[in-house]
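What follows is a single structure, written as structure tokens, with notes after it.
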Amino acid sequence: MANDLLKGKRGIISGALDKNSIAWKVAQKAHEQGATFVLTNAPIAMRMGEINALAEETNSKIIPADATSIEDLTNLFTEAQEILGGKIDFVLHAIGMSVNIRKNIAYEESNYDYFAKGIDVSAMSLHKMLAVAKKMDAISEWGSVVALTYMAAQRTYPFYTDMADIKAMLESIARSFGYHYGMDKKVRINTVSQSPTKTTAGTGIKGFGDFYDFADEIAPLGNASAEDCANYCVTLFSDLTRMVTMQNLFHDGGYSSTGVSDKIMNRLGEE
Ligand SMILES: NC(=O)c1ccc[n+]([C@@H]2O[C@H](COP(=O)([O-])OP(=O)(O)OC[C@H]3O[C@@H](n4cnc5c(N)ncnc54)[C@H](O)[C@@H]3O)[C@@H](O)[C@H]2O)c1
């Protein structure tokens, strides 16, 4: 279904690791809607080489960049503008990693070096991307930046451990930078708070499978898929949402507004 919603737009899409990645679907949908873009990921994440297939499919180049490195990010925005032939119209930040989660460390026992690493990779990287882009004046007026987040920033989900605090910071950076970049250059910045999704980052969380089913039974529309999330991101990159900025936008089938569902109540009644 091509509507050319992003025709003529140039973008940077981070975070496509494999075909389950939300960013992978965003790249496919943005391509379908007429955008041209570069793909980027941490050099270490490219070892498997899966991203090459996506680059081929979407006719895009890959620029390796560790999102915690100002040098890499400067190179990313420089090369992206050269390859795409002008300023960047949209950026997807789809980067998340917690060493504490990976190592199964309980929240109260968080290792602070790991905590700091998680903040740098998953939240501060958004600030760094935006700071580099703004300094270089690399994003066009009315350009749109979207970062992916999760509702644990507002409500406690014990298994999400330090990532809850990190996502709260990510959402705050989107608001704070959204003010400054909006005032100065009319660039808009939003976070999309996505349903649990079966990706490498998602399924790495302890108890993810059970929680995925729970959320699916609470949400009136069910869990939003990665593909649905990609479609939503495309609308946010498009000019149809040009006055939306500094928002945390829930994309979760109604989960965040539902206390409990009949499905869950009936199940509890059976026990
Ligand atoms: N999967 C879910 O349930 C879910 C729900 C809500 C939000 N999100 C968020 O969506 C985003 C994308 O994750 P995903 O679920 O598609 O999983 P994913 O594992 O496919 O993507 C995470 C990406 O982050 C990249 N990354 C890690 N460290 C990096 C670094 N230093 N520099 C650059 N890139 C780096 C990885 O290489 C990977 O491509 C994350 O921010 C995640 O927190 C996921």
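Of note:
- Filtered by the rule that a residue be closer than 24 Å to Ser176 by Cα and either part of a helix (DSSP H, G or I) or among the aliphatic types (A, V, I, L, M) (or both), the stretch 236-271 gives Leu236, Phe237, Asp239, Leu240, Thr241, Met243, Val244, Met246, Leu249, Ser256.
- If you go through the stretch 182-194 and keep only what is in contact with a helix residue (DSSP H, G or I) (Cβ under 8 Å, 6 or more places away or on another chain) and away from the ligand (no atom under 12 Å from the Cβ), you end up with Asp184, Lys185, Val187, Arg188, Ile189, Asn190.
- The single condition among (1) closer than 24 Å to Ser69 by Cβ; (2) over 20 Å from the mean Cα position of the chain (by Cα) that Ala131 does not meet is (2).
- Cβ-Cβ under 8 Å pairs, at least 6 apart or on other chains, the stretch 175-193 side more than 18 Å from Ile95 (Cβ to Cβ), far side aromatic (Phe, Trp, Tyr) and surrounded by fewer than 22 Cβ atoms within 10 Å (Cβ to Cβ): Lys186/Trp142; Val187/Trp142; Arg188/Trp142
Here is a yes/no grid of residues against (1) more than 19 Å from Asp89 (Cα to Cα); (2) surrounded by 19 or more Cβ atoms within 10 Å (Cβ to Cβ); (3) over 14 Å from the mean Cα position of the chain (by Cα); (4) away from the ligand (no atom under 13 Å from the Cβ):
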| site | (1), (2), (3), (4) |
| --- | --- |
| Phe159 | yes, no, yes, no |
| Pro196 | yes, yes, no, no |
| Leu221 | yes, no, yes, yes |
| Ala226 | yes, yes, no, no |
| Met246 | no, no, yes, yes |
| Leu249 | yes, no, no, no |
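- Scan the stretch 46-57 for residues that are buried (at least 20 other Cβ atoms within 10 Å of the Cβ) and within 21 Å of Thr78 (Cβ to Cβ) and the total you get is 1.
- Every pair of residues 6+ apart whose Cβ atoms lie under 7 Å, when the first sits in the stretch 218-238 and is at positive phi while the second is part of a helix (DSSP H, G or I) and within 15 Å of the ligand (Cβ to nearest atom): Gly222/Asp216
- A single member of Thr68, Thr78 is surrounded by fewer than 24 Cβ atoms within 10 Å (Cβ to Cβ), part of a helix (DSSP H, G or I) and at pLDDT 95 or above, and it is Thr78.
- Tally of residues being in a helix (DSSP H, G or I) and either among the hydroxyl-bearing types (Ser, Thr, Tyr) or closer than 15 Å to Tyr255 by Cβ (or both) across the stretch 172-207: 7
- Residues in the stretch 27-46 that are in a loop (DSSP other than H, G, I, E, B) and more than 10 Å from the ligand (Cβ to nearest atom): 3 in all.
- Ile63 being within 15 Å of the ligand (Cβ to nearest atom) and modelled with pLDDT of 95 or more: yes
- Output for the stretch 1-21, where each listed residue is in contact with a Gly (Cβ under 7 Å, 6 or more places away or on another chain) and within 9 Å of the ligand (Cβ to nearest atom): Ser21
- Residues in the stretch 170-194 that are surrounded by fewer than 17 Cβ atoms within 10 Å (Cβ to Cβ) and under 16 Å from the mean Cα position of the chain (by Cα): Ser172, Arg175.
The values are calculated or read from the model by the stated rules, or taken from the named source; none is laboratory data. Please read these numbers as outputs of a predicted model, since none were measured by experiment. All Cβ positions, glycine included, derive from the backbone under ideal geometry; neighbour counts span all protein chains shown.
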